[in-house]
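> Structure in C-alpha coordinates, see below.
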Amino acid sequence: MTVSESPASPRWRTAAACAGLPPQIVFARREAEARPALEACRSCPVARRCEESVAPAESYFDGVSAGRLWRNGRLVRLRGHYVAPPHVASGGDASGALARPA
(Lines give C-alpha, C1' and ligand atoms only; values in the text may rest on other atoms or scores of the structure.)
Protein backbone atom coordinates (compact mmCIF):
# COMPACT_ATOMS: atom_id res chain seq x y z
CA MET A 1 0.00 0.00 0.00
CA THR A 2 1.41 3.35 -0.94
CA VAL A 3 1.63 6.31 1.38
CA SER A 4 -0.49 8.41 -0.97
CA GLU A 5 -3.36 5.93 -0.89
CA SER A 6 -6.29 7.27 1.08
CA PRO A 7 -7.79 5.27 3.97
CA ALA A 8 -11.08 5.19 2.06
CA SER A 9 -9.47 3.46 -0.94
CA PRO A 10 -10.97 0.02 -1.50
CA ARG A 11 -7.53 -1.52 -2.25
CA TRP A 12 -6.73 -2.22 1.42
CA ARG A 13 -9.83 -4.40 1.66
CA THR A 14 -8.43 -7.05 -0.68
CA ALA A 15 -5.48 -7.54 1.71
CA ALA A 16 -7.72 -7.84 4.79
CA ALA A 17 -7.64 -11.18 6.60
CA CYS A 18 -11.46 -11.16 6.63
CA ALA A 19 -11.79 -10.53 2.88
CA GLY A 20 -13.17 -14.01 2.18
CA LEU A 21 -15.58 -14.13 5.11
CA PRO A 22 -19.32 -13.72 4.56
CA PRO A 23 -20.74 -10.26 5.41
CA GLN A 24 -22.97 -11.72 8.13
CA ILE A 25 -19.80 -12.68 10.04
CA VAL A 26 -17.89 -9.42 9.53
CA PHE A 27 -20.93 -7.30 10.37
CA ALA A 28 -22.25 -9.52 13.18
CA ARG A 29 -23.50 -7.81 16.31
CA ARG A 30 -22.86 -10.77 18.62
CA GLU A 31 -19.55 -12.29 19.66
CA ALA A 32 -20.46 -15.88 18.78
CA GLU A 33 -21.31 -14.98 15.19
CA ALA A 34 -18.33 -12.60 14.86
CA ARG A 35 -15.75 -15.09 16.20
CA PRO A 36 -14.21 -15.99 12.77
CA ALA A 37 -13.72 -12.30 11.95
CA LEU A 38 -12.26 -11.53 15.39
CA GLU A 39 -9.79 -14.39 14.97
CA ALA A 40 -8.87 -13.28 11.44
CA CYS A 41 -7.94 -9.84 12.79
CA ARG A 42 -5.14 -11.32 14.88
CA SER A 43 -2.89 -11.54 11.85
CA CYS A 44 -4.45 -8.95 9.58
CA PRO A 45 -1.87 -6.82 7.76
CA VAL A 46 -4.31 -3.92 7.27
CA ALA A 47 -6.04 -3.76 10.67
CA ARG A 48 -4.91 -0.18 11.27
CA ARG A 49 -6.18 0.88 7.83
CA CYS A 50 -9.47 -0.88 8.59
CA GLU A 51 -10.00 1.09 11.78
CA GLU A 52 -9.03 4.38 10.07
CA SER A 53 -11.35 3.78 7.15
CA VAL A 54 -14.32 2.40 9.07
CA ALA A 55 -14.01 4.88 11.98
CA PRO A 56 -16.39 2.69 14.01
CA ALA A 57 -16.98 5.12 16.87
CA GLU A 58 -17.82 7.98 14.52
CA SER A 59 -20.01 5.94 12.17
CA TYR A 60 -22.12 4.00 14.67
CA PHE A 61 -20.65 0.86 13.10
CA ASP A 62 -21.91 -2.67 13.79
CA GLY A 63 -19.45 -5.51 13.29
CA VAL A 64 -15.74 -6.28 13.53
CA SER A 65 -13.12 -3.65 12.82
CA ALA A 66 -9.44 -3.86 13.74
CA GLY A 67 -9.85 -6.84 16.03
CA ARG A 68 -12.69 -5.48 18.08
CA LEU A 69 -16.46 -5.94 17.99
CA TRP A 70 -18.56 -2.80 17.70
CA ARG A 71 -22.28 -2.24 18.17
CA ASN A 72 -23.73 1.18 17.37
CA GLY A 73 -20.22 2.64 17.41
CA ARG A 74 -19.40 1.32 20.90
CA LEU A 75 -17.00 -1.43 21.83
CA VAL A 76 -18.63 -4.65 22.94
CA ARG A 77 -17.16 -6.36 25.98
CA LEU A 78 -16.01 -9.76 24.77
CA ARG A 79 -16.17 -12.98 26.75
CA GLY A 80 -13.73 -14.90 24.56
CA HIS A 81 -9.97 -14.59 24.70
CA TYR A 82 -9.14 -12.57 21.63
CA VAL A 83 -5.93 -10.65 21.34
CA ALA A 84 -6.30 -7.36 19.54
CA PRO A 85 -3.73 -6.58 16.85
CA PRO A 86 -0.64 -4.77 18.19
CA HIS A 87 -1.64 -1.44 16.57
CA VAL A 88 -4.78 -1.07 18.71
CA ALA A 89 -4.50 1.97 20.96
CA SER A 90 -4.33 1.46 24.68
CA GLY A 91 -7.41 2.09 26.73
CA GLY A 92 -8.72 -1.43 26.74
CA ASP A 93 -7.44 -4.75 27.94
CA ALA A 94 -5.45 -7.15 25.74
CA SER A 95 -8.66 -8.37 24.14
CA GLY A 96 -9.70 -4.88 23.12
CA ALA A 97 -12.93 -5.55 24.97
CA LEU A 98 -13.13 -2.65 27.36
CA ALA A 99 -16.17 -0.55 26.53
CA ARG A 100 -15.63 3.09 25.64
CA PRO A 101 -16.86 5.58 28.25
CA ALA A 102 -20.29 7.06 27.52
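> If each residue of separation counts as 0.36 nm, what is the full-extension length gain between Arg71 and Ala32 once their alpha-carbon separation is subtracted?
12.7 nm
> Could you state how much accessible area Arg49 has, in square angstrom rounded to the nearest 10, with a 1.4 Å probe and all protein chains kept in place?
Number for this one is 50 Å².
> Can you work out ³J(HN,Hα) from phi for every residue in segment 66-73, in order, using Karplus 6.51 cos²θ - 1.76 cosθ + 1.60 and θ = phi - 60°, giving whole Hz and x for Gly and Pro?
Result, rounded to whole Hz: 6, x, 10, 9, 10, 9, 6, x.
> List the residues, sorted by chain then number, that are 5 or more residues from Ala17 or on another chain and whose placed amide H is less than 5 Å from its amide H.
Under 5 Å from the amide H of Ala17: Val46.
> Could you give me the ³J(HN,Hα) list for segment 49-59, computed from phi with Karplus coefficients 6.51, -1.76, 1.60 and θ = phi - 60°, whole Hz, x at Gly and Pro?
5, 4, 5, 5, 6, 6, 6, x, 5, 7, 10
> Enumerate the amide H contacts of Leu69 below 5 Å, restricted to partners 5 or more residues apart or on another chain; note that Pro and chain-start residues carry no placed amide H.
Close amide H contacts, sequence-distant or interchain: Val76.
The values are calculated or read from the model by the stated rules, or taken from the named source; none is laboratory data. On a predicted model such as this, the values are computed, not experimentally measured, just so you know. The accessibility values were calculated without ligands, DNA or RNA, using every heavy atom of the protein model including side chains. Shrake-Rupley method; radii C 1.70, N 1.55, O 1.52, S 1.80 Å.
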